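Have a look at the structure below before the remarks.
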Amino acid sequence: MTDNSQQATFTSLGLVSTLVERLQELEYSQPTPIQSDAIPHILEGRDLVGGANTGSGKTAAFALPLLQKILEQDAMQTRRGNFVSHLVLVPTRELASQVAYSIKSYSYHLRDKLKTVAVFGGVSVNPQMLALRGGSDIIVATPGRLLDLVSSNAIKLDQVKTLVLDEADRMLSLGFTEELNKILALLPANKQTLLFSATFPEKVTNLAQNLLKDPVDIQLQSADASTLVQRVFSVNKGQKTAVLAHLIKQHQWRQTLIFVNAKNGCNHLAQKLSKRGITAAVFHGDQGQGARTRVLEEFKSGEIQVLIATDIAARGLDIEKLPVVINFDLPRSPADYMHRIGRSGRAGEVGLGISLIDYDDYHHFKVIEKKNKFKLEREQVEGFEVEDDQSEAYFLPMKPRAKPAGTGKKKKKRNQ
Ligand code: AMP
């Protein structure tokens, strides 16, 4: 960490008064550490990799210097045709909408001078095409829809000055490789590239090096700095739903976000909870975009109290004061574990991430702990104590154990 983080103010980081005044209105009293460390380098034009905990203000860390650069370049003079100057790529539609909203909010007093457009699939393309006419300063996009718009000539990428990959490890993962490579091929070689995420697995870091020129590397992830409490409960096989229902009823959380691994798993769990008197909504990739947006809004506003989601909700979503995230299924990737629980405990708020693990999950949870460098005590839920104390398996060296019939390793299909 540089000295900037000690007593930096947004002004001392080099931001102009119009932006600083707006941040005061938003009650951002001082920069977060990732903002303090990243903003001066981005203003200097350096490539940068920014790693910091979920909910630690990464959006403003890249958005504010981009806005300032646009102001300095006098956007009205440079905006033309269907060109875009600064491109932010994100993995999900909801995140595109959220990031564009934040950027518009930071530049609210400059709304006549600056144009930010969100571009994502699942909704009609026509309003997005119209919005892109005459050029844009910032586009926040999911890769698939961006490529559709490029192929219909609604947008041109050859004047891009800055590329931001938000949730960069996800954007550089296999699922996006083809689309990302196509986009990269359309961008000029001479541009500034910024990568941000809470997690940077090693193989992604190596991949990222090919995209960057002499980057500044800022890694501020720290368990100590987190206000998020993690707990893990050992549960008998077949009792996860009962335990989940018990916890929800016992704690009466204002909102509960539950992660499962498959789309149909969301619906099944909602039905099972309903039989236990708990109403839950679902959020997954099989729903139309209208339903997805509505469900998320209702969950954010507190109208929906229990939401069961796949990993499309794991990245970046900012749900104010979300009290708890529960992993009903463990995520396959240890990085996704951090992103899922990071929906709670954002912006310095107190948060809670709970995982329910049965016998089949024990080993995988140990991998998650090891990769993310933490270790939790296995807890039991009163009234649902684990028979033959399988949780002890955690303390013993791994050795093959006879598994109950029908619990052999099956390759689960990724189905979000
Ligand atoms: P992000 O990690 O960008 O999703 O931001 C997480 C939350 O922190 C959002 O609700 C932001 O509005 C908020 N936030 C970002 N920067 C600051 C800051 N400097 N002071 C207070 N809140 C902030």
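The values are calculated or read from the model by the stated rules, or taken from the named source; none is laboratory data. All of these numbers come straight from a predicted model, not from anything done at the bench. Backbone-built Cβ (ideal geometry, glycine too); neighbour counts: all protein chains shown. Accessible surface areas use protein heavy atoms only, side chains included; no ligands, DNA or RNA. Shrake-Rupley method; radii C 1.70, N 1.55, O 1.52, S 1.80 Å.
Scan around Ser136 for amide H atoms under 5 Å from its own, H built in the peptide plane at 1.01 Å from N, and keep only partners 5 or more places away or cross-chain.
Counting only residues 5 or more places away or on other chains, the set is Arg80, Phe83, Val84, Ser85.
Send over a whole-number figure in Å² for the accessible area per residue of the chain, probe 1.4 Å.
47 Å²
Placing +1 at every Lys and Arg Cβ and -1 at every Asp and Glu Cβ, with all other atoms neutral, what dipole size does the range 228-394 have around its Cα centre, in debye to the nearest 20?
Using Cβ point charges on Lys, Arg, Asp and Glu, the range 228-394 gives about 500 debye.
With charges set only on the Cβ (+1 for Lys and Arg, -1 for Asp and Glu), what does the dipole of the chain come to about its Cα centre, in debye to the nearest 20?
1300 debye
Starting from a Cα-only point model with no solvent, please compute log10 I(q)/I(0) by Debye for the range 201-292 at q = 0.13 1/Å.
Computed log10 I(q)/I(0) values: -0.73.
Leaving ligands, DNA and RNA out of it, rank Thr279, Thr227, Thr116 by accessible area with a 1.4 Å probe, largest first.
Thr279, Thr227, Thr116
May I ask you to evaluate 6.51 cos²θ - 1.76 cosθ + 1.60, the Karplus curve with θ = phi - 60°, for each residue of the range 253-259 and list the ³J(HN,Hα) values in order in whole Hz, giving x for glycine and proline?
4, 4, 9, 9, 10, 10, 9
Can you check what the net charge comes to around Gln287, using other residues whose Cβ is under 14 Å from the Cβ of Gln287 (Lys, Arg +1; Asp, Glu -1)?
The answer is 0.
Suppose only helical runs count, i.e. DSSP H with n ≥ 4. What mean residue ellipticity at 222 nm does that imply for the chain under -39500 (n - 2.57) per run, divided by all residues and rounded to the nearest 500 deg cm²/dmol?
So the calculated ellipticity at 222 nm is -10500 deg cm²/dmol.
Relative contact order for the range 5-219: what is it in percent, counting Cα pairs under 8 Å that are at least 6 residues apart?
27 percent
In the chain, carbon and sulfur make up what percent of the accessible area (probe 1.4 Å)?
49 percent
Rounded to whole Hz and in sequence order, give me ³J(HN,Hα) for the range 123-136 from the Karplus expression 6.51 cos²θ - 1.76 cosθ + 1.60, θ = phi - 60°, writing x for Gly and Pro.
10, 4, 7, 4, x, 5, 4, 4, 5, 7, 4, x, x, 9
Work through the residues other than Val117 whose Cβ is under 12 Å from its Cβ and net out their charges, Lys, Arg +1 and Asp, Glu -1.
+4
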